[in-house]
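The values are calculated or read from the model by the stated rules, or taken from the named source; none is laboratory data. What you are looking at is a predicted structure, and each value in this text was computed from that prediction instead of being measured. Backbone-built Cβ (ideal geometry, glycine too); neighbour counts: all protein chains shown. These accessible areas exclude ligands, DNA and RNA; they are computed on the full protein's heavy atoms, side chains included. Shrake-Rupley method; radii C 1.70, N 1.55, O 1.52, S 1.80 Å.
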Amino acid sequence: MPFATKSGRRIHYEVQGHGPPLLLLHGLLQLGSHWSLKGYLPALTDTYTVVTFDSLGHGQSDTPRDLEAYGLRHRVEDALSVLDTLSIDRVHAWGYSMGGWTVCGLASFAPERLASYVVGGWDPVVGLPVAYAALEKQLKPGTSVDWFQVLLLGARRAPELAEAIDSGDLEALRLCMKVCESSAGLDEALVRSGRPGLLYCGALDPYHDSMKAVAARAGAAFATIEHADHGGAWAKAPKVLPHVLPFLDSVTRP
């Protein structure tokens, strides 16, 4: 089982396929292997060297009980640790939800390592509080909510997420979510990076309109996944791949 440790944290990774390197970054409560489980990898490994890893706090990677360890700069260091272990200088990076946050971090802290980016289901302007605000509209004013427990309750509807939760470290996962609550202002990193990009979002996701505006400012492409909420735009690979594959082809072909 391969691990990268150059960041000082043990990160479990996997490599499949052949071609230009493509780094896939999963969302909160997910695992690197879920990219395959949800049907993304079969469409990618014939054309790309696909690198997946369990983000810190998830799966086989380390699960520190230190909030600072999960900060964005450290997330980027973990991703670079994997790339350095594999001697990959520049990479096409695709992340969904929390993984999209990390891709924005690569654009912010290591744009020279980024060949292109795909960000799905993440608002670079404000981040997670946008989702909280949308959910609060469904509650009585003044209702106290533990958003982590809300997340777990919804996630357990997916068998693979229920399994990841039950086998995971709940305190580490809570810290992962906590640090994402302070993640505003990453849109400018995408704008400044000058890298070709694609942003996509479910039509029913509260992040949608902000992401579309960010794409316009960054000169990136944008795709709406129709009839999909936040979870749906992850689970419905057949609806997502027709947007992402042509973009990746356009930025990797000679």
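List of remarks:
- Value of Rg to Rh for region 39-126, rounded to two decimals, is 0.95; Kirkwood radius and Rg both from alpha-carbon coordinates.
- Percent antiparallel among DSSP beta bridges (both partners in the chain, rounded to 5): 25 percent
- Accessible carbon and sulfur surface of region 145-199 relative to its total accessible area, %, 1.4 Å: 53 percent
- Lys, Arg +1 and Asp, Glu -1 on Cβ, resulting dipole of the chain about Cα centre, debye, nearest 20: 340 debye
- You can think of it this way: the chain between D209 and R192 has 4.1 nm of extra reach, that is 0.36 nm per residue less the Cα-Cα gap.
- Put the Cα centre of region 73-145 next to the Cα centre of region 187-211 and the gap is 11 Å.
- Each label was represented as a point 7 Å from its Cα along the Cα-to-Cβ direction; for E112 and D84 these points are 1.3 nm apart.
- Within region 1-160, the percentage of alpha carbon pairs spaced more than 26 angstrom apart rounds to 28%.
- Packing-based ranking of 12-18, 93-99, 149-155 yields 93-99, 12-18, 149-155, ordered from highest to lowest mean Cβ neighbour count within 10 Å.
- Inter-label distance for V150 and E163, nm, one decimal - labels placed 7 Å from Cα along Cα-to-Cβ: 2.9 nm
- Accessible surface ranking that places the most exposed of K6, K236 first, with a 1.4 angstrom probe: K6, K236
- Global size of region 163-212 as Cα Rg and Dmax, reported in angstrom: 15.2, 41
- In this label model, E181 and E68 are separated by 2.0 nm, measuring between points 7 Å along each Cα→Cβ vector.
- Relative contact order (%) - region 1-128, alpha-carbon pairs under 8 angstrom, separation at least six: 28 percent
- Over 28 Å between alpha carbons, listed pairs K38/K178; K178/K212; K140/K239; K38/K137; K6/K212: K140/K239; K38/K137; K6/K212
- Summed over the residues of region 168-254 and divided among them, the accessible surface reaches 46 Å² per residue at a probe radius of 1.4 Å.
- Computed FRET value (nearest 0.05) for K137 with E171, which takes r as the C-beta separation and R₀ as 35 Å: 0.75
- The alpha carbons of region 87-216 give a radius of gyration and a Dmax of 15.9, 53 Å, in that order.
- Dipole magnitude (debye, nearest 20) for region 162-227, charges at Cβ of Lys, Arg, Asp, Glu: 460 debye
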